[in-house]
Amino acid sequence: MKKNKKAHWEKVYKTKKSEQVSWTQSIPQTSLDFIHGFNLSKTDKIIDIGGGDSKLVDYLLQEGFTNISVLDISEAALLKVKDRLGEKSKTVTWIVSDIADFQPEEHYDLWHDRATFHFLTEGEQIEKYLATAGRVINNYLVIGTFSENGPQKCSGLPVKQYSEIQLQKQLKKHFSKIRCINEDHLTPFQTTQNFLFCSFKRQQANN
């Protein structure tokens with residue numbers, strides 16, 4: 001199954017241009033708005049989970065952030081971004097991994113995930129994700145999933161829809177909700193996908 005999932009995403013990014021996939025954004029404005037609200041320092045560690053060929057890293061570099069990692073299951077996706085960034089790509093840490101297998105040694109001040117978590121439809125996958133996030137996030141988490149009014153599939157794969165209450169329940173062990181918004185994403189095909197975006201703060205461990 002894992003090989004099939006990786007093969008699926010490699011094929012998507014090798015055969016389709018950005019304007020041919022539903023999730024593409026010319027400006028990841030909602031993600032940037034959440035990030036700007038945290039008053040991060042330019043040296044804080046940021047990781048973009050399931051970054052694909054998203055332009056979030058472009059904007060973060062442009063704003064002067066110097067400690068950015070981008071993870072995706074597809075090597076082809078990350079190669080697209082490296083090619084787009086040119087020399088700037090050498091300042092970014094690129095990680096090819098299924099999020100369910102990701103075992104980072106580093107800790108992160110911000111964990112950003114737009115549309116990876118909702119692809120985890122099995123309990124074991126979700127638990128692994130939450131355990132990793134709870135272990136390595138020092139401060140903030142921004143997560144975007146399909147809402148209850150969003151699609152039931154994406155790129156031909158099933159997804160798990162979330163309400164604000166459901167997402168908060170999944171993350172409550174380690175994180176406290178800051179705020180949530182619903183947003184319609186207009187795809188290149190002129191259809192809309194309703195997203196739920198939430199920000200969370202890492203709870204302090206009890207002494």
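Put in order of Cβ neighbour count within 10 Å, fewest first, the listed residues W9, W94 become W94, W9. For the chain, C154 stand unpaired, since no other cysteine beta carbon lies under 4.7 Å from theirs. What is the sum of charges, Lys and Arg at +1 and Asp and Glu at -1, for the other residues whose Cβ falls under 14 Å from the Cβ of L196? It works out to a net charge of 0. At a Cα cut-off below 14 Å, give the aspartates and glutamates reachable from K88, other chains included and same-chain residues fewer than 8 away excluded. The qualifying aspartates and glutamates are D58, E63. GNM remark for the chain: springs join alpha carbons under 10 Å apart, and the peak mean-square fluctuation among Q161, Q29, Q193 falls on Q29.
Can you tell me how segment 1-145 classifies by the Cα gyration tensor, rounded, prolate or oblate, using a/c under 1.5 as the rounded cut? Here segment 1-145 falls in the oblate category.
For segment 96-188, the set of trypsin sites (Lys or Arg not before Pro) satisfying both a DSSP loop assignment and a count of at most 13 other C-beta atoms within 10 Å is given as K172, K173.
Pairs exceeding 19 Å between alpha-carbon atoms, taken from K55/K82; K55/K172; K11/K153; K153/K201; K160/K201; K14/K82: K55/K172; K153/K201; K160/K201. When shorter helices are ignored and each DSSP H run of at least 4 residues is given -39500 (n - 2.57), the per-residue value for the chain at 222 nm works out to -9000 deg cm²/dmol. Which of F102, F117, F197 ends up with the largest GNM mean-square fluctuation for the chain, with Cα atoms connected below 10 Å? Top of the fluctuation ranking is F102. Among F38, F175, the ranking by other beta carbons within 10 Å of each residue's beta carbon, starting with the fewest, stands as F38, F175.
For segment 47-123 versus segment 143-207, the spacing of their alpha-carbon centroids is 18 Å. By the beta-carbon count within 10 Å of each Cβ, the least crowded to most crowded order of D58, D48, D184, fewest first, is D184, D58, D48.
Every number here is computed from the coordinates shown, using simple stated rules; none is lab data. Just so it is clear, the model here is predicted, and its values are computed rather than measured. All Cβ positions, glycine included, derive from the backbone under ideal geometry; neighbour counts span all protein chains shown.
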